[in-house]
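Here is the structure we will look at.
The values are calculated or read from the model by the stated rules, or taken from the named source; none is laboratory data. Here the structure is a predicted model, which is why all the values come from computation and not from measurement. Ideal geometry is used to build each Cβ from the backbone, glycine not excepted, and the neighbour counts take in all protein chains shown. In case anyone asks, the SASA skips ligands and DNA or RNA and just uses the protein heavy atoms, side chains included. Shrake-Rupley method; radii C 1.70, N 1.55, O 1.52, S 1.80 Å.
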Amino acid sequence: MKKHTIYGIKSSAKDEKIIVQRVNDYLKTLDRTMSKTKSKSMLEARLPFVLKYFYWNLNKGTGTWFELFRNEDIEGKYYNNSNKECGWILKTRIDLTHPCYEKNKTENFLLDILKSIEFEIITIKESDTDLE
């Protein structure tokens with residue numbers, strides 16, 4: 001697995017409740033959950049992509065961060081224009097320097113997140129350097 005990966009979830013924007021529930025059901029087994037943010041500073045950090053909110057999870061136990069957001073923003077722009085069949089985007093980041101990072105444990109956590117979604121997932125972009 002690369003340090004940064006962007007996945008597309010082949011779904012519709014209306015599948016939000018199902019996707020969020022499935023991820024949270026998995027996270028619940030680890031006594032975790034996703035947070036939903038409407039924080040102005042966190043949303044502004046994603047400009048020019050304009051979101052009302054997005055979901056995120058920071059797992060210090062595995063050295064990971066992921067965020068889940070719609071592929072189409074409130075202005076009708078697509079985060080990933082080449083994959084409009086993906087209603088949702090999942091961005092993951094692995095902190096290779098985090099003291100709790102363990103390759104197998106960390107990668108298995110992220111793979112379990114992807115499996116929990118139960119929609120077809122495509123890899124849009126991956127890199128060992130910062131994306132965007």
- [ ] Please find the FRET efficiency linking residue 24 to residue 77, where r is the Cβ-Cβ separation and R0 is fixed at 30 Å, and quote it to the nearest 0.05.
- [x] 0.65
Task: Cβ-placed point charges (K, R +1; D, E -1), dipole of the chain about Cα centre in debye, nearest 20 - done: 280 debye
Open item on the list: 5 Å is the cut-off here: which amide hydrogens, built 1.01 Å from N in the peptide plane, fall below it relative to residue 72, excluding neighbours closer than 5 in sequence?
Closed with: 79
- [ ] Express the accessible area of the chain per residue in Å², computed with a 1.4 Å probe while the remaining protein chains stay in the model.
- [x] 57 Å²
- [ ] Over 20 Å between C-alpha atoms is what I'm after, so list which of 14/52; 17/91; 3/52; 84/125; 28/84; 77/125 land there.
- [x] 3/52; 28/84
Task: Charge-dipole axis of the chain as Lys and Arg at +1 and Asp and Glu at -1 on Cβ define it, positive-most pick from 13, 1, 63 - done: 13
- [ ] Bin all alpha-carbon pair distances of the chain at 5 Å intervals from 0 and give each bin's fraction as a whole percent.
- [x] 2, 10, 21, 24, 22, 14, 5, 1, 0
Task: Sulfur and carbon atoms: percent of accessible area, segment 2-132 [1.4 Å] - done: 49 percent
